[in-house]
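Report on the following structure.
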Amino acid sequence: MTTETPVVGLTTRPTTGTKPLPPHGSLSRRKHHRCSCVLCVTAYNSYQRSRYRKQGYGTWRPFVNAEPARQHLIALRNAGYSIDVVADAIGQHVGNLNAIVYPVGGAPRQRIRPELADTILAVTAESLVPCFLPAAGTARRIHALIAMGWTSRCVAEQLGVKPPRVPEIARQDSVTRAVAERVAAVYDRLHVLSPEDHGVSATASLRSRLMAERNGWRDPLWWEDMGHIDDPMFDPDTAERPLNKHEQGALRATEILHLASYGATPDEIAARLDLGRDYVVARLRELRRTA
């Protein structure tokens, strides 16, 4: 069955099967999938300029011997780290690494791009140990994109995962550092763009915003104003709630003490905070007595 993959930018040709497409901004996305979005075209043009420049200087090295990278992957596998784990750590499709290690059509891949070789050789066993972080910031970024009209399918497309994986990530208590960084990068790209101008229909965008409203998800502008998007202790629901009588009293007490610590007189404090002088004197007396 052929399905149309949503993209950011212009459309790409349909893809078949379940294998995820390379992310936007990658050379493969432009060369092999004909993506015409701004990210892919810019990346492709940059690659071509670099290639022409290196050819002119005689330093063009499109491929290198894959053997060092293959032996490094085998050593990591023997140490207990699967090829899948390594692929996820360096943001590569597992098939690309399997082709280096395992015979494909009679023999493993003999030549690979120098950038891929350098990336593989830089991986250490220590770097593959998962580092888990609180998922609050990751979930809030996903929800914020949906609140501004991006669909879960579009977010999944940018993350390089299947659509059901997006709500799964947002429900987790913790995520790996790699997932958190990937979501943050997608958030940084998408939150400054209009969904309707980049492949999302008005109907789908409205549906996403209504879902976010029902769930109380804040949009990127709200988080930009409030901050604390990565703070798991920050509660967005209480941040907008009016202070009750006791909370107002505690806040006034803090402000009174703060001004008094700088030598302000009761008259000055009362004028600054728009309070009665007798109230300020009484509160100062009470606060100093309980201190």
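Taken about its Cα centre, the chain carries a charge dipole of roughly 1400 debye when the Cβ of each Lys and Arg holds +1 and the Cβ of each Asp and Glu holds -1. Ranked by solvent-accessible area (1.4 Å probe, protein heavy atoms only, all chains present), the residues 47, 187, 57 order from largest to smallest as 57, 47, 187.
Largest GNM mean-square fluctuation across 168, 196, 247, computed for the chain with C-alpha springs under 10 Å, falls on 247. Leaving ligands, DNA and RNA out of it, report the carbon-plus-sulfur percent of the accessible area of the stretch 136-198 at a 1.4 Å probe. Carbon and sulfur: 50 percent of the exposed surface of the stretch 136-198. Between 215, 78, 96, the residue with the greatest mean-square fluctuation in the GNM of the chain (Cα pairs under 10 Å linked by springs) is 78. Rounded to the nearest 10 degrees, the inclination of helix 245-261 to the longest alpha-carbon principal axis of the chain is 80 degrees. Taking the chain as the region of interest, the number of lysine pairs whose Cα atoms are within less than 28 Å, with members eight or more places apart or on different chains, is 4.
Taking label positions 7 Å along the Cα-Cβ direction at both residue 74 and residue 45, the computed distance is 4.4 nm, reported to one decimal.
Residues in the chain average 60 Å² of solvent-accessible surface per residue, probe 1.4 Å, ligands and nucleic acids excluded.
Highest average first, the peptides 109-117, 152-160 ordered by how many other beta carbon atoms sit within 10 Å of their residues are 152-160, 109-117. Between 191, 33, 143, the Gaussian network model of the chain with springs among Cα atoms under 10 angstrom shows the greatest mean-square fluctuation at 33. Compute the relative contact order of the chain as a whole-number percentage, counting only Cα pairs closer than 8 Å that sit 6 or more residues apart in sequence. Dividing the mean separation by the residue count of the chain yields 16 percent. Between the stretch 27-53 and the stretch 147-221, the C-alpha centres lie 25 angstrom from each other.
The values are calculated or read from the model by the stated rules, or taken from the named source; none is laboratory data. In this text the structure is predicted, and so the values were computed from the model without any measurement. Cβ sites come from the backbone with ideal geometry, for glycine too, and all protein chains shown count toward neighbours. Remember, those area values only see protein heavy atoms, side chains included, never the ligands or the DNA or RNA. Shrake-Rupley method; radii C 1.70, N 1.55, O 1.52, S 1.80 Å.
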